[in-house]
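Step one of this worksheet: look at the structure below.
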Protein chains: 2
Amino acid sequence: MNEREGVSVPKVVDHEQRRLELADAALALAARDGLAAVTTRATAAECGWSTGVLNHYFSSRNELLSAALRRAGDLQQQTYARILADNATARDKLTAITESILPLDPRRLALTRIFLFFYAQGAADEGARVEIAGFLDRWRTVLHDTVCSGQRSGELPADIQTASAVFALQAMADGAAFEAILDPVAMDTIRQDGFAARCVDHALAAHRPGPHHT
Amino acid sequence: MNEREGVSVPKVVDHEQRRLELADAALALAARDGLAAVTTRATAAECGWSTGVLNHYFSSRNELLSAALRRAGDLQQQTYARILADNATARDKLTAITESILPLDPRRLALTRIFLFFYAQGAADEGARVEIAGFLDRWRTVLHDTVCSGQRSGELPADIQTASAVFALQAMADGAAFEAILDPVAMDTIRQDGFAARCVDHALAAHRPGPHHT
C-alpha cells in the first residue's frame, strides 16, 4: 500500500511553519514579559506544545533566540516593504522607516530589546555579528533607495550627500532606540510628537555641500 | 604589645585601591582579548594574584564586570574633565568628547564593548540600567555645558536648540559606536577623517529654529 493511501490526515508536518510559530511565540513573550521570560519551556507552553517538541526544533535557548532575531529581521523587512509600497512622499517614508525602529509601543519595545541583546552577543559571536550587520545593511539600503527615489522625483534636493545622511539617520535612530529603553529622558524625547520626522529633516538638511560651521 | 609595634610593613591593605587595580586589569583584558576573556581567574592572573584573593573582592564575574563598568565610567569622566580644561573652542571640545566615545583605538574599542554589554544587561537588570542612565546623563551634561559656554562666549549661535542638538549628537555617537564594532561599513565611516567634527557641525546646524524642510 502506498504510504499516501489510507492516511486521511497527512502526517507531513510543515517544519518551517512550526519554527516560525515558535519564533513568533518567543517574540510575543519578549514583548509581554521581557527577554528574560523567553525560555524554551515558556515558549513551548505559549504554543501549547511540550518542551520536548520545542527541543526537536531548537536545541538551546540561544538557538531559539537566534530564530527570534531572524524572525524580527524578516518582520522588519515586511514593514519596510509595506512602507515603500505606500503612496507617500520620500520624507514620509523615511519618517515611517525611522519610527518602525523606535520603541514606541510594546511590540517595537520587544524588538529593540531583542536587537540590543544580539548587538551585545555580536560583539563576541560571529554568527550574531553577521546577522546584525545584515540587518543594518538592509535598513541602510531601504533608506538609501528612498532618498534616491525622492531625488529622482524632484521632492528632495539632488545635492544631498546620500551616504552620510543615511548613516547619520540610522546611527541616530539606533542610538536613540537603545538609550530610550534604559533612560527615561531619552524615552521622553523619542515620544515627542514629530521626533522621527525631525530626525529625517535634520539628517537631510545637514548633509548637503557647503559650510555647516556655525 | 601594641599591634602596630613590631610590624615593619604595615598590613593595612588599601581595599579600594585593590578593587581599582582589579577593575583596571579587567578593562585591560577586555581591550586586549575581548570581553569573553574577562574571567575572574584571568583577571587575578593579570594582577599576579590568586583567584582566592580576587574572590575576596568580587564574588562573581558579573560583579567584576560591574566594577569594570563603573571604572570605565569614571575614566570617561576624567577624559571629559581633561577635555573641558583644555584651552580649545567649544566646537573642538564637542568633537573631542564625541571622539572619546567612538571605538577608534583598542582602549575605546574595549570601552564600547563593555558599554554595549551593560546596555544589554540594563534591559533586564535595574542596577545596570541605573548605571547606564547615569553615564548617559553625565555625557549629556558635559555636552550641554560646552554648548552653553560656547554660546556665552559668542562662538556658537545663541539660537541653537541645545537640548535637541545634544540629544542628537549623543544618540548619533552612541549608535555609530555600537554599529562600528559589528559592521565594517560603519567602522569605515567613523574612521574617516573629521567624522566626529562633522557630527558636531551637523547637530549644531540642524537644531536651530526655522524650516529644515528640504
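The values are calculated or read from the model by the stated rules, or taken from the named source; none is laboratory data. Just so it is clear, the structure is predicted and the values come from calculations on it, not from any experiment. Here the Cβ is made from the backbone with ideal geometry for all residues, glycine too, and neighbour counts use every protein chain on show. For accessibility, only protein heavy atoms count, side chains too; no ligands or nucleic acids. Shrake-Rupley method; radii C 1.70, N 1.55, O 1.52, S 1.80 Å.
Brief remarks follow.
- Under the condition of being small (G, A, S), open to solvent by 20 Å² or more (accessible area, probe 1.4 Å) and at the interface with chain B (Cβ under 9 Å from one of its Cβ atoms), the residues counted in the range A:172-203 number 0.
- Selection status of A:R41, within 22 Å of B:A120 (Cα to Cα), loosely packed, with under 14 Cβ neighbours inside 10 Å, more than 14 Å from chain B (Cβ to nearest Cβ) and touching a helix residue (DSSP H, G or I) at 6+ places or on another chain (Cβ under 8 Å): no
- Every residue from the range B:124-171 that is of a type in the set (A, V, I, L, M) and open to solvent by 50 Å² or more (accessible area, probe 1.4 Å): B:A124, B:V130, B:A158, B:A163
- When residues of the range B:97-114 are limited to those that are without any contact (Cβ under 8 Å) to a residue 60 or more places away in the chain and open to solvent by less than 30 Å² (accessible area, probe 1.4 Å), the one nearest to the chain's Cα centre (by Cα): B:S100
- Of the listed requirements (1) over 20 Å from B:R113 (Cβ atoms); (2) at pLDDT below 90; (3) open to solvent by less than 10 Å² (accessible area, probe 1.4 Å); (4) more than 8 Å from every other protein chain (Cβ to nearest Cβ), A:A206 misses just one: (4).
- Single residue of B:L84, B:L27, B:L65 found to be under 20 Å from the mean Cα position of the chain (by Cα), part of a helix (DSSP H, G or I), at pLDDT below 95 and within 30 Å of B:G194 (Cβ to Cβ): B:L27
- Residue, least open to solvent (accessible area, probe 1.4 Å), within the range B:44-79, restricted to residues that are charged (D, E, K, R) and away from every other protein chain (no Cβ under 14 Å): B:R71
- For B:R129: the one exception among (1) more than 7 Å from chain A (Cβ to nearest Cβ); (2) without any contact (Cβ under 8 Å) to a residue 60 or more places away in the chain; (3) among the basic types (K, R): (1)
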